Amino acid sequence: MLTFGIGIRSISSPYTLLIGTAFLGMAIAVGNVLLPSLVKRDFPRHIGLMTGTYSASMNLLAAIASGVSIPLATQAGLGWQGSLLIWGSLSILAMIVWLIQRRSSGKTAEVSSAASKQQSVLKSPLAWYITLFMGLQSFTFYVNISWLPEILRSQGMDYSAAGWMLSILQFVSLPFSFIIPVLAGRNPNQRVLVTISALSMLIGYAGLLSGMSSLNLLWVMLVGISGGANFSLSLMFFTLRTKTAHEAAALSGMAQSLGYLLAAVGPMLIGFLHDATGGWKVPLTVLSAVVVVLFIFGFGAAKPGYLSVPDETKTEA
């Protein structure tokens, strides 16, 4: 589906652009939901290492793709269609790898059997803590990607430097998106990690709000470090707070669907507040408040324990 979406999206038409993007969104959603459950199933003793590896890989390759797509289209003379089709070759490679993996795996029946049990994570308070933590960390991420260059521009930074700051934000998150899951997997309680991460982002936003532009690099790095840590922690919670691969998939589906729905509001809300107030003080204040709420839900999600998931296959006498 991902390869098909890329191919359709490469056709020069506004309709194929929208249709292809829809297929891309569906394919990415399925992959995002399933990966935590596969880690839970296949690497139960190395959850932190594997989660850190794939979250860091996601961030690294996304940053590379963002950086080289335009040069491939312009300087390499491939055009934007050719540039997009290159990423289609990677999805074909992934499909081949997973077809081989599927043939060599003897656990398909086990997962299918587990999936047949009707369990609802919506009734678990812990699931809601994790869902809101996931959504709010994504909220801050999409706001950063959308508006950070404009915030820095308002403080006198030119477009080129502001763009580099956005790149720095993404790259400083990479080592922490790998290290944090490893640390989280070694301790049943992740509250210290949540506290440090939230404090880092809060200081970063407060620094941008203070107008101390000479320290903008520091503020951006603190926000980026926290972003990488929060993202990987949210992925870890899918596996650390569940007992089975099916529960991990169910929690991942709930947290990512509802979480990204909440996150989608972020760029629009912050942009509206900027237009309504004529500046970035109110938006940055709101972002600081979001971080406080993020910490509250993250603190609840980081408490040791598992989901209390009712088994709806059982009926009362």
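The values are calculated or read from the model by the stated rules, or taken from the named source; none is laboratory data. The shown structure was predicted, so the numbers you read here are calculated from the model rather than taken from an experiment. Note that we place each Cβ from the backbone using ideal geometry, even for glycine, and neighbour counts take in every protein chain shown. Accessible surface areas use protein heavy atoms only, side chains included; no ligands, DNA or RNA. Shrake-Rupley method; radii C 1.70, N 1.55, O 1.52, S 1.80 Å.
Structural remarks
- Any chance Lys243 is surrounded by fewer than 22 Cβ atoms within 10 Å (Cβ to Cβ), modelled with pLDDT of 90 or more, touching a Leu at 6+ places or on another chain (Cβ under 9 Å) and outside any helix (DSSP H, G or I): no
- Taken over the range 269-284, the criterion of being under 17 Å from Pro149 (Cα atoms) and not hydrophobic (A, V, I, L, M, F, W, C) is satisfied by Gly271, His274, Asp275, Gly278, Gly279, Lys281, Pro283.
- 2 or more residues modelled with pLDDT under 90 and either in contact with a Gly (Cβ under 7 Å, 6 or more places away or on another chain) or surrounded by fewer than 20 Cβ atoms within 10 Å (Cβ to Cβ) (or both): qualifying helices (runs of 4 or more DSSP H) within the range 109-223: 125-153, 159-185
- Some residue of the range 15-22 being at pLDDT below 85 and surrounded by 14 or more Cβ atoms within 10 Å (Cβ to Cβ): no
- Any hit, the range 264-280, residues being in contact with a Leu (Cβ under 6 Å, 6 or more places away or on another chain) and of a type in the set (A, V, I, L, M, F, W, C): no
- Candidates Gly25, Gly77: the one that is in a loop (DSSP other than H, G, I, E, B) and not aromatic (Phe, Trp, Tyr) is Gly77.
- Residue in the range 300-315 that is at pLDDT below 85, of a type outside the set (Ser, Thr, Tyr), in a loop (DSSP other than H, G, I, E, B) and closer than 23 Å to Arg191 by Cα present: yes
- When the range 82-108 is filtered for residues that are of a type in the set (Ser, Thr, Tyr) and modelled with pLDDT under 85, the ones remaining, listed by number, are Ser83, Ser104, Ser105, Thr108.
- Candidates Gly48, Gly5, Gly20, Gly31: the one that is under 24 Å from Gly253 (Cα atoms) and in contact (Cβ under 8 Å) with a residue 60 or more places away in the chain is Gly48.
- Test: Val282 is open to solvent by 50 Å² or more (accessible area, probe 1.4 Å), modelled with pLDDT of 95 or more and more than 18 Å from the chain's Cα centre (by Cα): yes
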